[in-house]
Structure formats: structure tokens, C-alpha cells
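First the structure, in the form of C-alpha cells, and then the observations on it.
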């Protein structure tokens, strides 16, 4: 089944009684986990819709990442818990107090040996994925760290902040534990002098499958449109500013293994998914190269999107939504969307129907951080 | 004697002049002929009706005599010795400030002091009332009284200040009666090309019904009903919650309408909406239609559905009801029959001249705060009504009284006299605007500029110079040259927006402003024609002292003061002379004698 | 009709001589470098410090946490130096000094508007025209011989600052706050270069001579008031270093925090120690309609460190027992979280805190229900708070201002002080 972003449609929806802030498929693609405005990690078996809860956090779970047989969940108090998914119901492998204050983002390295966390305290920290032992601390950000992601080569890491008026993306060299570059993301600043508040800043960051391009997302200027910036990873220079027509913030951006960009965000009543094809090399078969800013597709979601995760098969995404009264949403949902024209709901497990080559799949799997 | 006021024709002439619309001389002559005819008719009409004349009813005693009688009654029994009458110098400065808002220029002062005709004071009063400066001053006074320096929350959602001041100035230039002025202010919805600017009263308050209710009561009826919003006022037995909401019902259907295309801000009004209220003290409820205090409820007429709106409310549309309660307010309030309407204005005009009202504070008339001279207040109200609310006429009578013309020097051996006896002239603060303009006048800068503007007009328009020179429009434009400077100085001395002027309360930041800002240094630069320039050129220090005192204090110096000047300048090296003169001038400009109206 | 009453307890009656020694009298003898305030005066004068959280801080994220509820937000509650009492985890330093504070959790003013809220919380009334707390206290605390302004307020300029309405009302311009905006000292405190010292003294002498002559035979009050304002100006020019934060040790500037609130609080300490009776510091931008949790993390971390430092400092320097410290915003924030992860305006069940002069230490007054949507115990309104503050300062809120034949009670007659909060 060809991936056609413009045909993206909702295939399943799991509802919840509180807004959901983040989500992750497990690596088998059978389950989706989510955290939201309560203390539990929620789990849905996709095929059956069966819902279970994992209770170990003391406050809202706002970031998740999964890798083979494992799931990491992080909360507002700075606690990160690693769960084993190997046998039946998840079991806690380790628990750490990773940061002072909210952990905004978690990521896992391509070789699954390291977990990276970024938090309110402005630090990026690396932990052993097996044991939770601290491995390194990367300091330099001057504000809350909102996105961490490993480079596909496994030797570098990118993290992003919301520093007032001059948010940055930092590239770190893991071996020397040093900062390699600081990218100027001021195009994502939405500073408002009247309130001395930075409403913008970088919300998420992602590497392209070949590692040559870095994307970061947010909104450009106060009350402006959701925006993605692209940087050349070698030169550190900004190469593209993709401004959507959606007046909102993109909370999440990632590259599909096929090379196109996905970004999602939400505003008062609505949520949208935007797809761009930013590089010539990664042409969609049969699709032309997109002009500047021209998206491949933009899709209306059932509600504001706080986060999304790509299914291991690259064909579906899970979006974490807030639902309910538009002014005071008091519910949440996970929306499973299919990135193709398929209507067959039962094929979420299969990988063979998509035209993704094996290398890309591995990269995609590693990239799902 | 009715002055030749040419308001509408002023404007026409002005447009001709500014717009260069002289087509040909016969065209002009034809139009000018019309204007002259209108002017003569006007003269005739006002002369016949005697508007501006006190002697309407010729067997009545002049009001100013009656005022003095009332004030002086009881002094003998109380052994109260009043102050003597003010000297010419005291009177001169005081009446200039009270009727034109600026101290006299030095040459005017000298002329008056040297004039020995017995009727000079009465003549001066008439001249000042007739001057364009009177209109400019009263416009400023009324602006402050009615708006209390408020700024709309969205600053631009208002009538521009210049348009509002033009409206007021022209109203005073034509001596518009007070009731007519109030009618225009309260009736307008902002659309009328002539009276539209009066909407500033509503718009400065964001058309908020609570603010409007309180201020309509305070400023037009002399009662501050704000505490009666939630319950009958516990302090003042006459202030009832029903009174508050009776006024409220006139304005509760109003809202602000901003036209995005024309950028104008106007009043919109609904055709429905009733007013109910509950006392937080007693829990008792009430419902009311529009009703003025002491008056009857005004029912809404029964209108057919189609007639309820002239312009129905819709998004982006200014609704205009078939029956407007706002129009009712404009018509009902400014009438003799409305309780407090006449009392309020005569009390305020009295306060403007005499420094405090017969009722103090001006907006708190109630049973436990009676007037100091109740019969006098009633008399003033009655007379003002019979004069058809002629403000100039009343001010004239006030200025002619002995009461107004007392000295501020206490009688010998008097320690203090209670201010509500009006037996000695009070020491009052110059208003912020009076202070700013008087600084400009004292420094000579105002004269320099007016002279230049005058000469320019003479050379550009010799034919109509005489007429144009006296129009309020020409004068306003000439004085507005200093508008920004005056506003920035006045701002330092003004009270916070939304508050009445209140008693003299000098603050340290004002003193610092006079001492260390560049206001005085700039004013005292020795540019050609200014005071400092003139003083520098004076050879004798006696002459210098005289010019200095006439310019600053509007009087001649006494011997000691001349000696002080002489000593100060004695043996001063040439290069320090300007500085020494400036020291004298700035020291005196910062004195209490300059700061106060006395 | 009662007179305006100021402190009239015996220990507050200071000899005129000692006042002069601390202020005008000392002028002649090398004022620069004089100690900020003599010890005797230190001990006797009551002072007021208002820390105003403009925009409205969320009580859920500060004084009255409700973790684990639908309304409580993500932050946990932490224990404090008061056993059994918890506050939000974003205020760890404040938690350590809870034993010095009195916190009220049961405020129900029903005001959800910035403008009215600023005015009402500071004046104790909804009806306009009354003086705000700083102006009222300046009037009621002033003593003969006071030359410095009675009330100074520190804030920034900028659009949102205009919601801070409320002034001295009918007390008049003398009791208006002297405004320090963006940390800049009041204007015109320095003699300009163009005016030499000899000119300054010459024209001052000329002014005085003129006033002396004018005074003779006339009512003195206005003339003297005007002359006094120049005397005060001279004092303030000589004492202008009280506005200079650089005169405070660098270590203190660091402890208070490198942000506006920190700097302004340190300047407030300096002003209070210099003889200013009432100071207000506005901490801006609490109005978190969007991303409430992110912004409270920022704002609380600014507030927390500075506030705890200030309280401890005041205690160490002997200022705490004579200075009433009031911490409030114009309202609280909604229990419900809106679609932009923010909280909106809320006046029905919120919190504030106070400490210092006349206030009982280590008190939590009032309760809200489980999800913070209403007050269940100890409900208080504007008037109660205003009465409490005045009483704590040793003033009588049932005294009157006399205006136009009517008695205007200083605190609204409908309320009285909250006894449990008073020491």
C-alpha cells in the first residue's frame, strides 16, 4: 500500500477522560501507550481496544519513548521510569529522578543503549537504557529543554530550548560530551514584549533519516502560524522556513523514513497534520518536488494535537489529542491515522504492504524516539 | 454689551481663507455681504433680547449687589472684619487668570495700573469676557471639569481632543447657554457634524454606564451617588439607590461602537433592556425606568415592532433605536425643573471665581452638607435661570462683586478667617494649564509668538485682518503652537485622571521639575523679544526691576524689592549678567506669589 | 467625628528632636554617607511592603495545591516548615519559611477583571475614588518632620502595566505613589549641568525672600506647603542615592536574583530602610491564559528565591517585626484548564499571603474544597483583608476620613479584621 499523505484518515479512536499529552507505539506496533493529565500511563491494545493503566507516577506523564521490549515514561516532577515490555504486563525496570522539574522530552539512541532526557532545568542528560545509570550531563541551554533526539549515526544528539527571543538548537558530540554547534532558531520566537513572555520557542526537533537535515518546530511570531525550520546539519545554517497556514503551534515534528516531514499541532478547536517534502533526494515515487512552503498534504485532525508517534511500519501514526468543550477541554483521545488510502483496519501489524525498503525501516525504527 | 460674535461665519471666513477659495472679488463681496447682514441681524436680535445684559428686568437690583449683601450679612454681628478691597494689581492678575487663564503681559499690566479712570475694573471685566482668550480658557476649564483628564481605555476610540476642544471653544465664543451645552453633550451619539465631538464625554468613559451614572450626577446635578449603587447611601440620607438607578436607566442601553472603515467611534443604543437593582444591605429589590433625582419616571413609549429600531442591531452595525433614552436624558436633565441642575452650575461657576463653592465639595450637596449661604445659592440659581443660563452674564456679575474683589491680605490682627465667610480672598493654586500658560507669558515667549503671528496675518490678509484676528479659530491656532509644551508642563501638575482638581497639594516631584528640568532654562533663553532679552538691555536696574515685576507678578516692585534687584546686579561682571538676571527671574517664578492665584 | 488616627501607642511617639536628627537636622553636616536611618527611628516606625503579583497568580500552583485532582495541574505539593501544611512544589524556598507567614486560602472577591481587581484589592473597596493601601498607609503613618515621600511604587512600564489602576483618591497628590519605573529613579533629582551651584543657591534665596514677603499678612498654609515642597526636593536631591541599587552590596544583588523582581525587592528593602514608609513592588506577568504550567515554573522560580531571601533578610535586619508584608494579586486563576493549557481569571476561591508587623506567624487561614472550586471555610472579602492590614499596622480602620460633611470610614464598614491573622 503506497503511503500517500494526502489520503491520511482516521481509522481508530481511543477516548480517555483527561487530555492526553504524549504517546508512543511499542515496537511491535500492537499497543499504543499514552500519558496525560492524570498520574497513569495508559495502554491500549490496538486491535481490541482493551485499555489498561500503569500506575507508578505521581503526576502527569508528558513524554514517552519506546524501543525493543522497553518503554520509558517521564513526568512533570522529573521522574523517568523504564518499563520492560518483554513478558506480558509491563514491569518497572528502573526509576530515576532525571531532572529538577518537568522532563519535557525523552529519546533513545539508535543502538538502544542510551536514553536521553531534556528538562525544565535546562539540562540534557544521558542514561544507560538498561540500568538507568547516569552516563553524562550536557549543559549549555539557558532555558527549558523541550526536545531531544539522537542523530541517526548514534554519535550525536540534538536538543532544543525555548530561550526568550533567541531559542536555540544544540548539537552535541556524545563521545567528548561537548557541544558541537548551537543553531539560531530565532525564527521560532514568539516573544511578546507587553507580557515579557516567550510564547514560542522550539517545541521539538528531528533529524532526517540520513542525518543531513535537522528540523525543529514551533510557531513563528506571536499569534503566528505553526512553523518548521530546516537546518543543514553540516554547516549549521538554516535552509528553509516552512510556514503553515495553521495558526497554532507545532508541538511535534519527525521525519518519515521515506524522507518527508510530518508536523502536528493544535489550537483552540482544531488540530492539523502537515506533510512536507523538503529535500530533492527523497522523492516520493511519482510525486514532484514540492515548492517552498508548499506542503505535500495538510490534514484536519479530530481535535488539537499535542503529540504523535509513527507506527513501526511507517504507515500509521498515533496522535495524542485533547477533546471536549473547546474552551476547557476535559477529555483526551488517541487517534490512529492511516497514511494511505487503505481502509483495511486490520493491517496495522503488517509491514510488508508498504513500499519502504529495509534500510529505511531500520532507520525509521531507530528514529522513533 | 453683546459682543460681535460671528461663530458660524467665523468658520466660513476661515474656510475661505485657508482653502484659498476666493473665486473672485464679487463672489467674496456677495458672501461677505451676507455675513454682514447675518451679523447685523444677530446683533439686533441679541440686543433686543438683551442676552448678555443683566438689566433684562430693569427694576431688579443688580445681582452683584445682592451677592455682596448676602455675603456681608452677619459680619457685623460676628465682629468679622473683612479684608480690604484688592489693589489694582491684585485685581488685575486675578481677573485675568479667572477669565482668560493667563496672567497679563507686562505692557497690558502697566497700562491698567497707570489708568486712573474709575470704571477701569468694570471695563476690564467686559473686555476680558469679550476676548477670544476667554473662550479658549473656558473650553479648557470645561474640558477638565467634564472629563477630569480621562483617557479612553483604547485611546483612539474617542473623539480627538482637538475636535472636542474646538467644539467647546466655539460654544463659549458664541456664549452658548449652559443648558444648551449640556443638552448637546448628553444627546449626542457622535454622528452630528457640529455637536458630534461632544460625545467625548461618553467616550472618555468607554460609555460605561456606572461611570456615566456617577459623573452625570456629580457634574450636572451636584450629587455623588456612587455609594448608592449597592444600597441607599449610609452617610447621606438623600442619596438613594433608586436615584442612582434612575439615572443609570438613561444610559444602560448605550454601548461603544467603533467603525472600522471610518475609524470613528460613536454611541450605539439598544431599544430594550430594563434596570433592576437589589440593596446589598436590605435585600429589597427595585425596578426603574429613567428618572432624574426628585423627578418622575419616564416610561418608554409603546412602539410597534418595526418601529423599535431605526437601525437594527447586527454585527458591525451601529444600532439606533426608535426611542432613545439617551436623547431623553439630553432633553430632560438640563431644565430648570430638574432638581439640582441650576444649583450645581451656579455653585461651580461661583467656585471658579471665588475659590470654593457655596457647597463644598462641589459634588456633595446633601442635607448634612448644606450650602454656606443657602439663600444666596438659591438666588444665584434663580437669576441664572432668568438669564437663560448665560454663563458670561453670571461671571460678569461675580467679577463685579466686592466679594470677588477682596484682597488676600488678612485684616490687621486677624489670625484666620473661615473660608466659607468669603471675607478675604483665598490663596488658590493656578490650575496646571494656568501655570503653564503663565510661565510662557511671564517669559515673554507667548508675546513674541503672538506678535509674529499677528504680523503675518496682517500682511497676508489685510482686508479681513480685524475680523479674523478676533476669531476663536485664529487665536486657537496661534496658541496651539505651544500646545504640546503646555500639555507636558501641565501633566506634571495635574491630578490623576478621574479625580476632581481638589485643594492645593504641592508635591516634591513638582518642585524638582521646576528646579531641575529644562522647562525654565528653555523658557528663559535670551531670545529676541523675550523677558530675559529685554531685561538684559535695560540700563537702569530700577527700570529692570519694574519690567521684571510687571512681567512676573503683574505689579510694580516696592522699594525693598528694587533694592534687592539692584544689590543682586551690582558689580556683576558683564559675562555673568545674563545669569544673574536669570537667577532673579527663575527664583521669582518658583515663588508662591507666582504659583498661586491670590 | 473622629480625627484621622495615626499610631498613637506610646512607643510610637517619637521625639521631634530625634526625627530631626535623622533627617533635616543632619543635612547641614555632610549628609552624603549618613546611615540610612537612625536606630531609634528604625524601631519605632511602622512600614508597609506590598508585593503585587500583577496578572493573578494561580493558587493551585502556589499557596493551595490540589495534586491529583482534575483541577490540580501537574505539580505536586511539598511539605513546609509548618507541620501538616503543604504548598506547591514550585515554591521550595518559600516552603522553608512558612513558619513566618500567614496564608489565606479562602479569598472570595468574585472579581475576575484586571482593572477592578487592582483597584479593589489595594483599596479594600469596589466603589472608585478611595485611596489605595499604600497611599492610605502613607497618610496614616506619616509623622511631623517626614520629608521623604510616603509611598513609592516600583514597576515597569509597558502595556500590561496600565491595569494597575488606583491612586490616592481623595487624599490628594501628596500621597500619590512616587513611581520608580524600570528601576529608574524619579526624574529631576540631579541639578543639571547648565545650572551652577551658585545659581542654585542664589535662586533658592531669591525664592525664599519672595515667599517671606508674600507670607506677611496672608494665610500661611498654602505658602508654607509650597515652600515645604522645595525643602523636600532639596532633601530628596541630597538623598537620591536611596534610589541607587548599586549602593547595595553585589552579594545582595545576587541573592535577590538577576531579574526585575529581584532587583526591585532589593531596592524596596533599601527604600524602607532609608525612611520611606510604604513601598509596593509589582511582579508582572502572572496572567497565564496560555501554558499556565510553563509560565508558573518561570514566575514561581523568580518569586520563590527572592521572596524567601527577602523575608529572611528582613528578619535578620530587624525589619520584619515593624514591616507589614502583603503578597497578593488582583485575583486567582480558574480551576479548569483551558484549551491552551492555561488558566483564566478567577475570583471565587483563591489565596494570598502576608507576614511581619502585627501578623501572626505560621498561620493558614481558610479552606477550599477538594478541587479548589469554592471556599468551604473562613471566607473573606476585600474589606476583611483591608481591615486586617490596617490593624496590623497599628492603625484604626474604623476611623474616618472627613469629606463634605460625611464620614468615610477608612475600611469599609461592612467588614472587620480577621482576628486569627493578627498577632
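Using a ≥ b ≥ c from the Cα gyration tensor of the stretch C:288-423 (square roots of the eigenvalues), is it rounded, prolate or oblate, where a/c under 1.5 gives rounded and otherwise the larger of a/b and b/c decides, a/b for prolate?
oblate
Rounding to the nearest 10 and keeping the result within 0 to 90°, find how far the Cα-based axis of helix C:114-123 lies from the longest principal axis of chain C.
60
Give me the angle, in degrees from 0 to 90, between the Cα long axis of helix B:341-354 and the longest principal axis of the Cα atoms of chain B, rounded to the nearest 10.
10
Determine the relative contact order of the stretch B:148-332: mean sequence separation of Cα pairs under 8 Å and six or more apart, normalised by residue count, in whole percent.
20
Rounded, prolate or oblate for chain A? Axes are the square roots of the Cα gyration tensor eigenvalues, ordered a ≥ b ≥ c, and the cut-off for rounded is a/c under 1.5.
Judged from the Cα gyration tensor, chain A comes out rounded (a/c under 1.5).
Working out 0.36 nm times the residue gap between residue B:315 and residue B:302, then minus their Cα-Cα distance, what length gain in nm do you get to one decimal?
2.1 nm
Computed FRET efficiency, Cβ-Cβ of residue A:13 and residue C:110, R0 41 Å: what is it to the nearest 0.05?
Result of the calculation: an efficiency of 0.55.
As a test, work out the antiparallel percent of DSSP beta bridges whose residues both lie in the protein assembly as shown, rounded to the nearest 5.
So the antiparallel bridges amount to about 85 percent of the total.
With a cut-off of 8 Å between alpha carbons and a minimum separation of six or more residues, what is the relative contact order of chain A in percent?
17
I'd like the mean, over residues of C:229-236, of how many other protein chain beta carbons sit within 10 Å of each residue's own Cβ.
For peptide C:229-236, the averaged partner shielding equals 6.
Using R₀ = 56 Å, calculate the FRET efficiency as 1/(1 + (r/R₀)^6) where r is the Cβ-Cβ separation of residue C:99 and residue B:539; round to 0.05.
E between residue C:99 and residue B:539, to the nearest 0.05, is 0.10.
Rounded, prolate or oblate: which fits the protein assembly as shown when a ≥ b ≥ c are the square roots of the eigenvalues of the alpha-carbon gyration tensor, with rounded for a/c under 1.5 and prolate only if a/b beats b/c?
In terms of gyration-tensor shape, prolate.
Between C:61, C:176, C:370, which gets the highest mean-square fluctuation from a Gaussian network model of chain C, Cα cutoff 10 Å?
Highest fluctuation among the options: C:370.
Hey, in the GNM for chain C with a 10 angstrom Cα cutoff, which one of C:170, C:293, C:214 fluctuates hardest?
Comparing C:170, C:293, C:214 in the GNM, the peak value goes to C:214.
FRET efficiency for residue B:454 and residue B:522, Cβ-Cβ distance as r, R0 = 25 Å, nearest 0.05?
Efficiency for this residue pair is about 0.60.
For chain B, calculate the relative contact order in percent as a whole number, restricting contacts to Cα pairs under 8 Å that are 6 or more residues apart.
It rounds to 18 percent for chain B.
Return one number: the angle in degrees, 0 to 90 and rounded to the nearest 10, between the long axis of the Cα atoms of helix C:292-316 and the longest principal axis of the Cα atoms of chain C.
50
Can you order the peptides C:384-390, B:428-434 by their average number of other Cβ atoms within 10 Å per residue, highest first?
Highest-to-lowest ranking by the protection proxy: C:384-390, B:428-434.
Looking at chain C, what % of its DSSP beta bridges pair antiparallel, to the nearest 5?
Roughly 45 percent of the DSSP beta bridges within chain C come out antiparallel.
What's the average, rounded to a whole number, of partner chain beta-carbon atoms within 10 Å of each residue's beta-carbon in C:171-178?
What the average comes to for C:171-178 is 5.
If you count, for every residue in A:94-104, the Cβ atoms of partner chains within 10 Å of its Cβ, what is the mean?
Mean inter-chain Cβ contacts per residue within 10 Å come to 1.
Mean-square fluctuation check for chain A, GNM, Cα pairs under 10 Å: which of A:241, A:221, A:325 is largest?
A:325
Each value in this text was obtained by applying a stated rule to the coordinates, not by laboratory testing. This one's a predicted model, so the numbers in the text were calculated from it and none came from an experiment. Methodologically, a virtual Cβ is constructed for each residue, glycine included, from the backbone with ideal geometry; neighbour enumeration extends over all protein chains shown.
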